[in-house]
Every structure is written in structure tokens, then in C-alpha cells.
Amino acid sequence: MRRRKVTYPPPKTATSGGSASASVVDARAAANASRAVSINLEAKVGRPSIVQGARVQIGSGLYMGEIAVVESVVGGVIPAAVVRTEAGRTRRVRTVDLVLYRGESPAAPESQPQG
């Protein structure tokens with residue numbers, strides 16, 4: 001008695017057809033190009049004007065656009081600062097993403113005219 005040959009169904013991950021058509025290849029190339037990332041090489045320099053107690057505006061990230069006070073500055077390969085927003089939330093932000101706020105710094109003594 002002869003054994004029957006065992007046949008298995010094709011795997012669900014198998015592609016239909018032998019090779020990808022040119023339009024599919026072009027679509028994949030366009031998708032890969034849209035995922036391109038730009039790296040800010042100036043981030044490793046940081047901003048020396050960002051000091052503890054300075055009022056800053058967050059330029060990017062979770063709290064973008066909010067005004068915050070710098071609680072500490074952390075050095076390293078990419079300098080960062082721990083900031084507390086006016087809403088009371090804290091976040092670590094790269095110093096290159098911080099912009100000095102045009103108002104007074106809370107750490108600076110207020111000078112009042114005497115008279």
C-alpha cells in the first residue's frame with residue numbers, strides 16, 4: 001500500500017504571485033522616503049543662556065508653547081533642562097528646544113524706582 005503525499009495549505013504570510021510589480025515597489029519607496037528623520041546637530045551645543053530660574057517657552061514636544069521655569073540644567077551629550085510649567089507639570093526638555101521668555105526672570109531681583 002502506497003502512502004499519499006501530504007499537502008499543506010500555503011502560509012498566510014505568503015505573497016500572492018512571484019514578484020512585486022513596479023507600482024508596489026514605487027509605493028514602498030515613497031513610504032520609506034516619508035519616514036525620513038532630520039537630526040538637529042546643534043542640539044549637542046545647547047543654549048548657554050538657559051540657566052536655573054529662567055522663564056522659558058517650550059518650543060517643541062509635549063508642552064509646546066507653554067511658559068515654564070527652569071528648575072535645573074543637566075549637562076551631557078545633549079544638554080537638557082528640567083522645567084516646571086505654569087500648570088505645575090514638570091518635564092525634561094532639550095535646551096535647544098527652549099526659548100527665553102520675554103518677561104522678567106523670577107530669579108532676577110526686581111528693580112523698582114526709588115522716589
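The values are calculated or read from the model by the stated rules, or taken from the named source; none is laboratory data. Worth saying up front: this structure is predicted, and the values here are computed from it rather than measured. FYI the Cβ positions are ideal-geometry reconstructions off the backbone, even for glycines, and counts take in every protein chain you see.
For region 14-52, residues that are within 30 Å of residue 75 (Cβ to Cβ), among the acidic types (Asp, Glu) and either modelled with pLDDT of 75 or more or touching a His at 6+ places or on another chain (Cβ under 7 Å) (or both) total 0. Taken together, the criteria place residue 73 among residues that are at pLDDT 90 or above and under 19 Å from residue 99 (Cβ atoms). Across region 62-80, the qualifying residues are those that are outside any loop (DSSP other than H, G, I, E, B) and of a type in the set (Gly, Ala, Ser), and the one among them that is surrounded by the most Cβ atoms within 10 Å (Cβ to Cβ) is 68.
Restricting attention to region 81-115, and to residues there that are in a loop (DSSP other than H, G, I, E, B) and of a type in the set (Ser, Thr, Tyr), which single residue is modelled with the highest pLDDT? Once the filter is applied, the top-ranked residue is 101.
To keep it simple, each residue is scored yes or no on (1) of a type in the set (Lys, Arg); (2) over 26 Å from residue 101 (Cβ atoms).
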residue: 24; (1), (2): no, yes
residue: 31; (1), (2): no, yes
residue: 47; (1), (2): yes, no
residue: 55; (1), (2): yes, no
residue: 65; (1), (2): no, no
residue: 79; (1), (2): no, no
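Kindly check whether there is at least one residue in region 35-55 that is surrounded by 11 or more Cβ atoms within 10 Å (Cβ to Cβ), of a type in the set (A, V, I, L, M, F, W, C) and in contact with a Phe, Trp or Tyr (Cβ under 6 Å, 6 or more places away or on another chain). Looking for residues that are surrounded by 11 or more Cβ atoms within 10 Å (Cβ to Cβ), of a type in the set (A, V, I, L, M, F, W, C) and in contact with a Phe, Trp or Tyr (Cβ under 6 Å, 6 or more places away or on another chain), one finds none in region 35-55, hence no.
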